[in-house]
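This report concerns only the one structure given below.
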Amino acid sequence: MQTNDPDPGLWIIVYLALALTCVLAALWRVVLPLVGIAGIAAFAWSASLFPGVMELFTNHSVGDLLTGMSPDRPYVEAARESLGLLIGALGMAYLAWQVAQTKRRGTHTTA
């Protein structure tokens, strides 16, 4: 855990919600409101950080994404955070789609 992050509590909550949702899905106890809330929160936060992604792809080498972060390159951290949250949001969208598919076939229960 990065202890010098200015908002560690928010990161813990979002990634814990994403992880918990996946664990519950693995146990066949999908809580659709949690899927929606976690997915929307991750997507909204990702969108708020998206200017860092644009900065990276329009003005810098994509390879910067794999380099170390530094105060003179804040776009690296913003891009990493935005893309990580986007992956989480896409995971929730996929999970919701899978639940809808299995419910349509009548083989899945939700809480």
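Quick note: the coordinates plus some simple rules give every number you see, no bench work behind them. Predicted, not measured: the structure shown is a model, and the values here were computed from it. In this analysis, Cβ positions are derived from the backbone assuming ideal geometry, glycine residues included, and neighbour counts consider all displayed protein chains.
Numerical summary
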quantity	calculated
Förster radius 25 Å - calculated FRET efficiency between W28 and I87 (Cβ-Cβ, nearest 0.05)	0.60
Among I12, I37, I87, residue whose mean-square fluctuation peaks in a GNM of the chain (springs only between Cα atoms under 10 Å)	I12
Label-reachable residues, the range 15-59, where backbone N falls under 19 Å from a point 7 Å from R105's Cα toward its Cβ	25-31
Point-to-point label distance, S70-W11, nm (Cα→Cβ direction, 7 Å offset)	2.0 nm
The range 46-105: relative contact order in percent, alpha carbon pairs under 8 Å with at least 6 residues between	41 percent
Nearest 10 degrees, 0 to 90: helix 8-26 Cα axis against the chain principal axis	30 degrees
Residue among G88, A47, N59 farthest towards the positive dipole end of the range 46-105, charges placed on Cβ	G88
Helix-only CD estimate at 222 nm, as mean residue ellipticity for the chain, using -39500 (n - 2.57) per DSSP H run (n ≥ 4)	-25500 deg cm²/dmol
GNM result for the chain, Cα springs below 10 Å: residue of G88, G52, G39 fluctuating most strongly	G52
Cβ-defined net charge surrounding S61, 15 Å radius [Lys, Arg +1; Asp, Glu -1]	-1
Coil-residue trypsin sites (Lys or Arg not before Pro) of the range 41-111, DSSP, other Cβ within 10 Å capped at 15	none
Computed over the chain: relative contact order in percent, which uses C-alpha pairs under 8 Å that are six or more apart	35 percent
Cα centre as origin, Lys/Arg/Asp/Glu Cβ charges: the chain dipole, Debye	820 debye
Amide proton proximity set for V30, modelled H, under 5 Å, gap of 5+	A111
